[in-house]
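Take a look at the structure set out below.
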Amino acid sequence: MKILCVLSRYAYGRPERGENYDYVHFLPAFARMGHEVDFFDSGDRSLYRDFADLNVALVDRVAGFRPDVIFCVLMAYEIWFETLDLIRTKSPVVLVNWGTDDSWKFTQASRFFACHVDLHVTTDRSAAEAAPSRGLHNVFLSQWATSAAVASEPLPSSSCRHDVSFVGSMYGYRAEWIAALRANGIKVSCFGHGTENGVVSAAEIPEIHRTSRISLNFSGAGQSTGGLTDSRQIKARTFEVSGAGGFLLTEIAPGLDRYFRIGREVATFETPTQLIEKVRYYLDHPEERDAVARAGHARTMAEHTYERRISEILEKLRPLQARRTQAWALSAEALAPFVEQYHRKGISEPLRAFLIAMFSLPFGKMRGPRAARRFVYELSWRLCGARTYTANGLPGRLFYAES
């Protein structure tokens with residue numbers, strides 16, 4: 001099939017943060033499965049003048065490429081609901097959204113996204129279970145996975161370079177818990193935004209996992225739950241470590257035991273004290289560590305690859321594709337009324353200036369604009385709901401580069 005991937009190439013749209021996990025893993029997986037893949041970068045704000053320009057460019061790309069499937073990773077309000085609806089009504093394309101962080105994001109965003117795509121794929125079981133009560137019957141439970149292309153057999157503990165490693169952004173409680181390990185004499189090598197080693201390329205990450213006696217993973221989302229019961233979630237790193245041949249010590253998350261046997265294929269912790277105890281135990285018992293690494297790798301390669309996940313999603317799409325009989329009649333000209341709405345000035349410019357000035361006082365000139373954007377977004381989805389994600393949504397009209 002022809003598949004257009006609409007997502008951000010770089011983490012948070014910033015090249016300095018490294019390539020985005022979705023870009024690194026989904027596009028190559030589709031290609032390895034024999035599909036013709038095209039890519040539209042919805043994250044890099046330097047590519048377009050504003051969100052209107054971005055949405056027009058997307059419709060032009062869809063009309064030119066004529067995909068069978070559009071695979072989106074919608075982050076917030078970058079793709080208007082009017083754009084998604086236009087694509088679905090003026091073409092036979094089937095539109096899929098991969099929902100990230102739905103342990104907290106489902107209430108504020110994904111429940112609205114699901115109304116404007118053919119299939120919303122979530123990795124959060126509580127979100128999938130809550131969907132029917134919200135009238136959503138197109139939410140499909142899947143899960144993160146590993147890339148078969150970078151899979152390697154585990155190394156024995158004696159051949160590993162790092163005692164303990166962590167790959168990821170350093171925010172929230174992560175720094176405090178890692179500091180507790182170091183305070184107890186445990187060497188921890190950290191890689192990623194905000195760490196001493198900085199961002200590493202996607203190509204380097206599997207080797208870091210494989211050459212670490214213990215690879216850490218934290219499950220906290222760093223956000224409020226928005227009404228769901230637990231912000232801890234199964235992270236992509238859960239499968240990436242085991243697939244690369246590493247030993248995974250992960251913070252416990254709801255549903256983890258559905259994918260791995262705890263203590264036999266992965267190890268877990270819940271508190272800083274337990275984290276220290278588990279690290280010491282597996283460093284002192286290398287044979288047990290090696291057995292868990294081998295078992296986790298075998299389980300991951302048998303059940304948790306992206307080829308398997310994608311096959312399940314595409315199979316779910318088959319009946320949807322059979323029912324899509326629309327002829328191609330897609331044109332960016334149909335977005336003109338929404339582009340006009342987006343560009344209406346009104347009080348938007350003075351309001352933007354006021355908010356940035358107000359939030360720059362406590363947060364400074366660098367962080368002030370982003371804090372203002374966050375405030376408007378949090379207020380908007382709570383008060384305005386789905387309108388937040390339309391051409392007339394206030395966050396997108398006020399803030400572009402800061403989004």
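The values are calculated or read from the model by the stated rules, or taken from the named source; none is laboratory data. Because the structure is predicted, anything quoted here is derived from the model rather than measured. No Cβ is skipped: glycine too gets one built from the backbone with ideal geometry, and neighbour counts run over all protein chains shown. SASA here: full protein model, heavy atoms, side chains in, ligands and nucleic acids out. Shrake-Rupley method; radii C 1.70, N 1.55, O 1.52, S 1.80 Å.
Couple of notes before you dig in:
- Whole-Hz Karplus values for region 195-208 come out as 9, 5, 9, x, 6, 10, 5, 4, 5, 7, 4, x, 5, 4 Hz, taken residue by residue from phi with 6.51 cos²θ - 1.76 cosθ + 1.60 and θ = phi - 60°; glycine and proline positions read x.
- Residue pairs, from the table Lys90/Lys235; Lys187/Lys235; Lys90/Lys316; Lys235/Lys365; Lys278/Lys316; Lys105/Lys187, whose Cα atoms sit over 30 Å apart: Lys90/Lys235; Lys235/Lys365; Lys278/Lys316; Lys105/Lys187
- Here's how it looks for Phe140: its modeled amide H is under 5 Å from those of His120, Val121, Thr122, which are all 5 or more places away or on a different chain.
- Charge dipole (the chain, unit charges on Cβ, about Cα centre) - positive-most of Cys190, Asn392, Leu317: Asn392
- Largest-first principal axis extents, alpha carbons of the chain, Å: 66, 55, 38
- Relative to the current alpha-carbon distance between Arg370 and Phe140, full extension at 0.36 nm per residue lengthens the span by 79.5 nm.
- Spin-label model, Met1/Arg14: points 7 Å from Cα along the beta carbon direction are separated by 3.5 nm.
- For Asp38, the residues whose modelled amide H falls within less than 5 Å of its own, excluding neighbours fewer than 5 places apart on the same chain, are Ile3, Leu4, Cys5.
- Compared with the dominant Cα axis of the chain, that is its longest principal axis, helix 174-183 is turned about 20°.
- Compactness relative to 2.2 N^0.38 Å, alpha carbon Rg of region 1-141: 1.01
- For region 78-95, putting each phi into the Karplus relation 6.51 cos²θ - 1.76 cosθ + 1.60 with θ = phi - 60° gives couplings of 5, 9, 5, 4, 4, 5, 4, 5, 4, 4, 6, 8, 10, 7, x, 4, 9, 10 Hz, in residue order, rounded to whole numbers and with x for Gly and Pro.
- Under 14 Å, Cβ to Cβ, from Leu317 - net charge with Lys/Arg +1 and Asp/Glu -1: +3
- On the beta carbon distance between Ala63 and Arg261, with R0 = 45 Å, the FRET formula returns roughly 0.40.
- Extending 7 Å from the Cα toward the beta-carbon at both Ser331 and Val200 defines two label points whose distance is 5.2 nm.
- MRE, 222 nm, helices only [DSSP H, n ≥ 4, -39500 (n - 2.57), over the chain, to nearest 500]: -13000 deg cm²/dmol
- Label positions at Asn392 and Arg344, each projected 7 Å from the Cα along the C-beta direction, are separated by 0.6 nm.
- Sulfur and carbon atoms: percent of accessible area, the chain [1.4 Å]: 52
- Sequence of Ser311, Ser360, Ser242 from largest to smallest accessible area, 1.4 Å probe: Ser311, Ser360, Ser242
- Amide H contacts of Cys72: Val6, Val96, Asn97, Trp98, each under 5 Å away and 5 or more positions distant or on a separate chain (H built 1.01 Å from N in the peptide plane; Pro and chain starts excluded).
- Here the gap between Glu312 and Leu361, fully extended at 0.36 nm per residue and compared with their Cα-Cα distance, gives a gain of 12.6 nm.
- Point-charge dipole on Cβ atoms (K/R +1, D/E -1) for the chain, about Cα centre, debye to 20: 620
- Most mobile of Asn138, Asn184, Asn217 in a GNM of the chain (Cα contacts under 10 Å): Asn184
- With respect to the chain, whose longest principal axis is taken over its alpha-carbon atoms, helix 306-323 is tilted by about 30°.
- Whole-percent pair-distance distribution, where bins are 10 Å wide, for the alpha carbons of region 13-61: 22, 42, 33, 3
- Folded to 0 to 90 degrees: helix 348-383 orientation relative to the chain principal axis, Cα: 70
- For a label point 7 Å along the Cα-to-beta-carbon line of Arg323, residues of region 98-128 with backbone N under 20 Å: 98, 111-122, 128
- Per residue solvent-accessible surface (Å²) - the chain, probe of 1.4 Å: 43
- Here r is the Cβ-Cβ distance between Arg280 and Arg161 and R0 is 25 Å; the resulting FRET efficiency, rounded to 0.05, is 0.85.
- Formal net charge of residues neighbouring Leu54 (Cβ-Cβ distance under 15 Å; K, R +1; D, E -1): -3
- Cβ-placed point charges (K, R +1; D, E -1), dipole of region 1-147 about Cα centre in debye, nearest 20: 140
- Region 341-403, relative contact order in percent, only Cα pairs under 8 angstrom and at least six apart counted: 34
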